[in-house]
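Participant: So that we are looking at the same thing, I have put the structure below in structure tokens.
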Amino acid sequence: MTETRQRVRSHVEANPGVHFNAVSRALDIATGQTQYHVRRLLNNDALDSLEVCGRTHYFPTEYSETEQAAIALLRRETTRELVVLLLDHETDRPDELAETADIARSTVEWHLSNLIEHDLAEKVRDGRRVSVRLVEPQLLRDLLIEIDPSLPDRLVDRFSRLVDSLLEQPGQSA
């Protein structure tokens, strides 16, 4: 295995769920070179990949698909915050989550729908009341300790939250 390919593999192993651009930036290698080595590692079953929310994330091979999805989602600051609120049982209703976290309701719904899509949470209906329950609370609790969002991930998440909050303000035109 070439030195560059080993560096790519080591970076993914140290940062499970890292996405393509972050690998290129962290290792300071050209995107074409990153693409070549990642493809070779994937073809040789030395790495796994999973697309979540339109972004491909890379993983060491020991993670299950559920763990991969959880890691990719927990790299998003807002998803992390909502998972923590659900784990703490401060609230389990989307409208209350939005209020508690001071996040636009549409943003909360988007993040919750991603958790639901990957079978990490589910909506529970009790008459007219809708709440959200984590399906894999222990897995998410364990991964919260292991995974921390990168600075670019946090910045993108904060920008999205800002735009959503501006669009949801009453009396404002888009």
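Participant: What spacing in nm lies between the two simple spin-label points modelled at Arg93 and Arg141, each 7 Å away from Cα in the Cβ direction?
Facilitator: Placing both labels 7 Å along Cα→Cβ, they lie 2.6 nm apart.
Participant: For Leu47, enumerate residues with amide H under 5 Å from its amide H, sequence gap 5+ or separate chain, H modeled in the peptide plane.
Facilitator: Here Leu42 satisfy the definition.
Participant: For the stretch 76-115, divide the Cα radius of gyration by the Kirkwood radius and give the resulting Rg/Rh value with two decimals. Don't jump to the answer; show the numbers that get you there.
Facilitator: On the way: Rg = 8.6 Å, Rh = 9.6 Å.
My calculation of the ratio gives 0.89.
Participant: Another question, then. State the extension gain, in nm to one decimal, for the chain segment bounded by Glu65 and Asp126, taking 0.36 nm per residue of separation less the distance between their alpha-carbons.
Facilitator: Result for the pair: 18.9 nm of gain on full extension.
Participant: For the stretch 27-141, what is the convex hull volume of the alpha-carbon atoms per residue, in Å³? Numbers along the way, then the final one.
Facilitator: Numbers: hull volume 14.0 nm³, N = 115.
Considering the Cα atoms of the stretch 27-141, their hull volume per residue is 122 Å³.
Participant: Quick one: grab Rg to one decimal and Dmax as a whole number for the stretch 1-92, Cα atoms only, in Å.
Facilitator: In Å, with Rg to one decimal and Dmax whole: 14.8, 50.
Only the coordinates and a few stated rules stand behind these numbers; no lab work does. Source: prediction; values computed, not measured. Note that we place each Cβ from the backbone using ideal geometry, even for glycine, and neighbour counts take in every protein chain shown.
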